[in-house]
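Asks: Pasting in a structure now, in structure tokens, and then I'll have a few things to ask.
Here, each number is a calculation from the coordinates, and none is a lab measurement. Not measured: the values here are computed from a predicted model. All Cβ positions, glycine included, derive from the backbone under ideal geometry; neighbour counts span all protein chains shown.
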Amino acid sequence: MTQTNYDFADYIPRTLEIVDTTLREGAQTSLLHDYVKYAFSAPDKIEIVRALILYGVKFIELFSPIVHPKEREDLAAIRETRDALIGQKGYTFLLSHVRCHPDDVGAAIDAGVDGLNLFFGTSIQAQRHSHGRNLKTIAGDASRLIEQIRKEHPNLILRFSGEDAFRTPYEELCRVYDPIVPLVDRLGVPDTVGIATPAAVQHRMPQLVARYPEAEWEAHFHDDRGFAMINALAAIREGVRYMNTTVLGIGERTGIPSLTALLFNLFIDGHQLVDGYCLAESYPLNVLVADKLHMLVNDKEPVSLTNRTHTAGIHQKAMLNDSSTYEAHPLDRFGVSEAEILLGPLSGWNVVRYFLKEIHYFEVDEVTARQITDRFKEQVLTSALLDKPSELLLSIARKEFKLQQLEIPSCYQDGVMQNFDGPSQPIVGSRR
């Protein structure tokens, strides 16, 4: 069996370490249901891994090679990509998500991973309907296997999780963890089916930290109730150092916390936990993965152009005066460097005048701008130019109102919001 190339003991972990699982948990998203059209190809995976490493992620979780021969082939290519970046970004650890089963473990070690993310279902549902073993058997089988792995491969990173930990009563979870904790580098607390609440996290984590004071903790939260992000933030406050994320928050069912959204929230709250991550590449990273999924960056993703897009007239007017009126957060620090003001039936005369005067250099006063706005609103929902409201507005200005345009040297044309049509006329990097 292949030995890992780097001793994990040499690595000094940061206060917060992301364990990104875009290529494992993320690949289980229903968005990838059409495997011919949507599945991540080997080049996709390499590109995503490269982007994650350059972003500052030090732990990347992949499928066990036993899942499919393609996973083993792709893992080899991913290792080559990782190795090529060591001189630039230091070592990044490749982890394999494996059952506590010798076949899974052997396949992963043979493939040359740096660590094993071992798991065993501990909830009553898993005991009855999944593997069919009781807690005593689970604890015995897992501890014997992990002890053997530790003896034969002392440099491997080992994490053990009681799957569905938040549906496992505390004392029962501890019956499994007690013999395992001395054998692993960290323990996991996965909210596998998304039942946890912030209150449950704030109750459970201090109990576990007190019982196992020397242990490092890793958490994995699903968003079935919409609590994944707030649960993750609560867990970090309670001492969890390793947090599972995916780009865009994709994953099984409703997914898990978004990598960039988590760091964005920590940054906004003033934490230094984001040190070591290239925050300016957050939006480009989201765009990259969205492109692989043939979709736009989700409108619920905080680090998105959507979060700097303004449609209502009152918002647009305020934005023209001072963007902080309706943009409270420094999204430019996260790579969202441009904003959109969308022309449409909700737009007011202020933005119409701005568009005509500042973008296209028409001579237009307030009275005329108000008149043009009325005509624009009358036509915008029925016009043949429905998908290009800016062209409709220009047509009204030129043909109906005979406005005159000034010739402005190109050197004075910078510093304005250029995109008024939204996704149908995207600016560079927008929405994808």
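Asks: Most exposed first by the Cβ proxy, i.e. fewest other Cβ within 10 Å, how do TYR170, TYR38, TYR277 rank?
Replies: Fewest-to-most Cβ neighbours within 10 Å comes out as TYR170, TYR38, TYR277.
Asks: Straight distance only, please: which lysines reach the Cα of LYS70 with their own Cα at less than 16 Å, same-chain residues fewer than 8 apart left out?
Replies: Leaving aside lysines fewer than 8 places away in the same chain, those within reach of LYS70 are LYS45.
Asks: Just the Kirkwood number for the stretch 8-292, please: inverse of mean 1/r across all distinct Cα pairs, in Å, one decimal.
Replies: 18.9 Å
Asks: Report, ordered by chain and residue number, the lysines lying within cross-link reach of LYS388, taken as a straight Cα distance under 28 Å and ignoring same-chain residues fewer than 8 apart.
Replies: Those lysines meeting the cut-off are LYS292, LYS300, LYS317, LYS357, LYS377, LYS399, LYS402.
Asks: Here's something else I'd like to know. Give me the orientation-averaged projected area of the Cα convex hull of the stretch 30-114, in nm², one decimal.
Replies: Average projection, Cα convex hull of the stretch 30-114: 5.9 nm².
Asks: Let me ask something additional. Could you list LYS45, LYS300 so that the one with the fewest beta carbons within 10 Å of its beta carbon is first and the one with the most is last?
Replies: Fewest to most other Cβ atoms nearby, the residues stand as LYS300, LYS45.
Asks: Follow-up question, since we're still on this one. Using the 10 angstrom Cβ neighbour count as an exposure proxy, how do SER347, SER390, SER30, SER282 rank, fewest first?
Replies: SER30, SER390, SER347, SER282
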